[in-house]
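Comments concern the structure below.
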Amino acid sequence: MTEEKNLQLERLVFFTDAVVAIAITLLALELKIDATNGHLTFAMLYENWHKFAAFLLSFVSIAIFWKKHHEFFKFIKSVDDKLFWYNLGWLLFIALLPFTTSLISSYFSDTAAMFSYCLNTFLITLFQNQIWDYVAGKPDFIKKELNVKTNHDNKVVSNVAMLNGLLATVTSLFSPIIAFIILLLRFPMIVAATSRFKYRGRN
């Protein structure tokens, strides 16, 4: 039974890695510049800055989401149907991110495009948070190597990322540009929160 559970966990992790790799590769397909006169100029590169900004944010976001997912599963030793569906929900919105990235690449200042992108990001953070909250509440799913500090830090990072995504989603209805900036600030927000809410108890 234990070997079967380990096989299910390994297959879930391998499948997740494959989907993330495909999603992060698809992002580059939107980096297209149409040169009307057949020649590329520096002005054209500057005029398409939003495409590069959208690509960079999404690339870094997927990379960090994957890194955090990898850190989660270093401590997970078992999987059940509920964890499977949480992980699949996380993958659904990871796989959707190249599409919503293409929306803001083409319609950067449009509310509908930025709202879709921010909502997509928020839903990734929501499922990421659900994955950790679920396994952290089931001691038989967690390896004994996990200590209280690591559990605390994972919860802080997941909650701050989710709060950032929610704030950006709401803000996108009023100011798409500010919403994008809020998403850019997710990483310094996480660093600041990790330092501010540092675990001070015993491991």
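The values are calculated or read from the model by the stated rules, or taken from the named source; none is laboratory data. Note that this is a predicted model, so its numbers are computed, not measured. Quick reminder, even Gly has a Cβ in these numbers, built from the backbone with ideal geometry, and neighbours come from all protein chains shown. Side chains are part of the model used for accessible areas, which takes the heavy atoms of the whole protein and leaves out ligands, DNA and RNA. Shrake-Rupley method; radii C 1.70, N 1.55, O 1.52, S 1.80 Å.
Do any helices (runs of 4 or more DSSP H) entirely within segment 41-145 hold 2 or more residues that are small (Gly, Ala, Ser), and if so, which?
Correct list: 49-73, 81-106, 111-136.
Is segment 142-153 home to any residue that is open to solvent by 40 Å² or more (accessible area, probe 1.4 Å), touching a helix residue (DSSP H, G or I) at 6+ places or on another chain (Cβ under 7 Å) and not hydrophobic (A, V, I, L, M, F, W, C)?
no
Tell me, which residue of segment 162-181 that is buried (at least 20 other Cβ atoms within 10 Å of the Cβ), without any contact (Cβ under 8 Å) to a residue 60 or more places away in the chain and among the aliphatic types (A, V, I, L, M) is nearest to Ala53 (Cα to Cα)?
Ala168
Consider Ala161 carefully, then state whether it is in contact with a Cys (Cβ under 6 Å, 6 or more places away or on another chain) and either part of a helix (DSSP H, G or I) or among the polar types (S, T, N, Q) (or both).
Against the criterion (in contact with a Cys (Cβ under 6 Å, 6 or more places away or on another chain) and either part of a helix (DSSP H, G or I) or among the polar types (S, T, N, Q) (or both)), Ala161 does not qualify.
Select from segment 65-84 the residues that are touching a Lys or Arg at 6+ places or on another chain (Cβ under 9 Å), farther than 23 Å from Ala23 by Cβ and of a type in the set (D, E, K, R) and list them in ascending order.
Within segment 65-84, Lys77, Asp80 meet the criteria.
Restricting to segment 107-149, count the residues that are closer than 16 Å to Thr169 by Cα and among the polar types (S, T, N, Q).
Matching residues across segment 107-149 total 6.
Name the single residue that is modelled with the highest pLDDT among those in segment 125-182 being over 19 Å from the mean Cα position of the chain (by Cα) and among the acidic types (Asp, Glu).
Ranking the qualifying residues of segment 125-182, first place goes to Asp140.
Could you please give the count of residues in segment 75-95 that are open to solvent by 70 Å² or more (accessible area, probe 1.4 Å) and within 18 Å of the chain's Cα centre (by Cα)?
Going through segment 75-95 one residue at a time, the tally reaches 3.
Considering segment 109-132 alone, what residues qualify as being in contact (Cβ under 8 Å) with a residue 24 or more places away in the chain, open to solvent by 20 Å² or more (accessible area, probe 1.4 Å), farther than 15 Å from Leu91 by Cα and out of contact with any Leu (no Cβ under 7 Å at 6 or more places or on another chain)?
Ser109, Asp110
Show the residue pairs that are 6+ apart or on different chains and have beta-carbon atoms under 6 Å apart, the first residue being within segment 11-27 and farther than 20 Å from Leu56 by Cα and open to solvent by less than 70 Å² (accessible area, probe 1.4 Å), the second being modelled with pLDDT of 95 or more and of a type outside the set (Phe, Trp, Tyr).
Listed pairs, sorted by first residue: none to list.
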